[in-house]
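Reading through the structure tokens given below for one structure.
The values are calculated or read from the model by the stated rules, or taken from the named source; none is laboratory data. On a predicted model such as this, the values are computed, not experimentally measured, just so you know. Note that each Cβ is placed from the backbone with ideal geometry, even for glycine, and that neighbours are counted across all protein chains shown. These accessible areas exclude ligands, DNA and RNA; they are computed on the full protein's heavy atoms, side chains included. Shrake-Rupley method; radii C 1.70, N 1.55, O 1.52, S 1.80 Å.
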Amino acid sequence: MSEITTIGIVGAGQMGTGIAHVCSLGGYDVLVSDLSQERLDASRTRMSQNMARQASKGAIAQADADAAMKRIQFSTELGQMAHADLVIEAATEDEKVKRAIFADLQSVMNKDAFLATNTSSLSVTRLAASTDRPERFIGLHFMNPVPVMKLVELIRGIQTNEATYEMAKGLVDRLEKTHATAEDFPAFIVNRILMPMINEAVYALYEGVGTVESIDRAMRLGANHPMGPLELADFVGLDTCLAVMRVLHEELADTKYRPCPLLVKYVEAGWLGRKADRGFYDYRGETPVPTR
Ligand code: NAD
């Protein structure tokens, strides 16, 4: 298979919706699948709102947004993926869920089609091995929010062949994004570096080295980061930060990755960051207020 014209996306949550958005604007025909019609309807609504926002800012033409929305089909039927040249799995971060999707997909997908996963932390090699096409399987790790973030990490499992890697590079180019290639080790590149930094910021808070505000201000103005690490942790979700630290700690078996007990405590409290209205900051009022 040389040319990709139709891309299937399984899982229409925040990432699947964003990936469908950029693929359709990139001129591909897109097939989106999720468990329920409600989730697909929510995905379509969010996507058209996001495109309208981009058009109102002049980032894209309204006519291109309209044409892109027409190139997308939403269906709960996985059978539609028979028409896809590439399927990108962007479902819940749970290995059992992903494996079940791959098993269902291989009975409907064209035998020459490529398969990719957007996993943030699971082993691409292990996921690839569970499919009927490990050599045509690759990690395509988009960043959140997909329409805004320029990077896509490409992760080759040890079985991934050169044609699959070239296909993935071509796709990233056509989406006008940039790739960084990562070997298949826990958390790849971005999260391997970012999450320990966030975890260290939580240790600095835990040990009283600084307050929430002074830690964030120090890193914004002293290291030129656009967001402080604790603000960023709230944006990502503290449960996600903790999950990635646990993967690093367990799979690399090095104590330098131990999750900070204060991060664990925030997650246990349900203070997960912006999505829960409270994390290192409290977002329930007009302006965010530090919680420590
Ligand atoms: P999400 O919870 O917003 O969306 C997941 C979607 O998958 C849901 O709509 C759910 O209904 C659907 N789903 C679950 N089981 C399914 C099945 N059997 N068939 C079809 N759809 C199914 O999650 P998300 O944030 O979009 O994350 C999706 C993937 O992207 C995960 O692997 C995650 O690790 C990865 N990722 C997330 C981020 C992030 O910042 N959120 C960044 C990069 C990668």
>> Checking ILE7 against (1) touching a Cys at 6+ places or on another chain (Cβ under 6 Å); (2) within 13 Å of the ligand (Cβ to nearest atom), only one condition comes out false. Which one?
In response: (2)
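Could you list, in sequence order, all residues of segment 102-112 that are hydrophobic (A, V, I, L, M, F, W, C) and either modelled with pLDDT under 95 or buried (at least 23 other Cβ atoms within 10 Å of the Cβ) (or both)?
Within segment 102-112, the subset hydrophobic (A, V, I, L, M, F, W, C) is 102-103, 105, 108-109.
Listed by number, the residues that qualify are LEU105, MET109.
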> Tell me, which residue of segment 176-200 that is part of a loop (DSSP other than H, G, I, E, B), within 16 Å of the chain's Cα centre (by Cα) and among the hydrophobic types (A, V, I, L, M, F, W, C) is farthest from ALA253 (Cα to Cα)?
Replying inline: ILE189
>> THR76 - would you say it is of a type in the set (Ser, Thr, Tyr), open to solvent by 40 Å² or more (accessible area, probe 1.4 Å) and over 30 Å from ASN191 (Cα atoms)?
In response: yes
> How many residues does segment 10-53 contain that are modelled with pLDDT of 95 or more, within 18 Å of MET143 (Cβ to Cβ) and open to solvent by 40 Å² or more (accessible area, probe 1.4 Å)?
Replying inline: 3
> Could you say whether any residue in segment 210-230 is part of a loop (DSSP other than H, G, I, E, B), in contact with a helix residue (DSSP H, G or I) (Cβ under 9 Å, 6 or more places away or on another chain) and touching a residue at least 60 places away in the same chain (Cβ under 8 Å)?
Replying inline: yes
>> Could you list, ordered by first residue, the pairs with Cβ atoms under 6 Å in which the first is in segment 92-117 and without any contact (Cβ under 8 Å) to a residue 12 or more places away in the chain and the second is more than 11 Å from the ligand (Cβ to nearest atom), at least 6 apart or interchain?
In response: none
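In the list VAL264, VAL212, VAL289, which residue meets the criterion of being hydrophobic (A, V, I, L, M, F, W, C), surrounded by fewer than 18 Cβ atoms within 10 Å (Cβ to Cβ) and farther than 29 Å from PHE142 by Cβ? Step through it out loud before you land on a result.
Values: VAL264 fails: farther than 29 Å from PHE142 by Cβ; VAL212 fails: surrounded by fewer than 18 Cβ atoms within 10 Å (Cβ to Cβ).
Step by step, each of VAL264, VAL212, VAL289 is checked, and only VAL289 is hydrophobic (A, V, I, L, M, F, W, C), surrounded by fewer than 18 Cβ atoms within 10 Å (Cβ to Cβ) and farther than 29 Å from PHE142 by Cβ.
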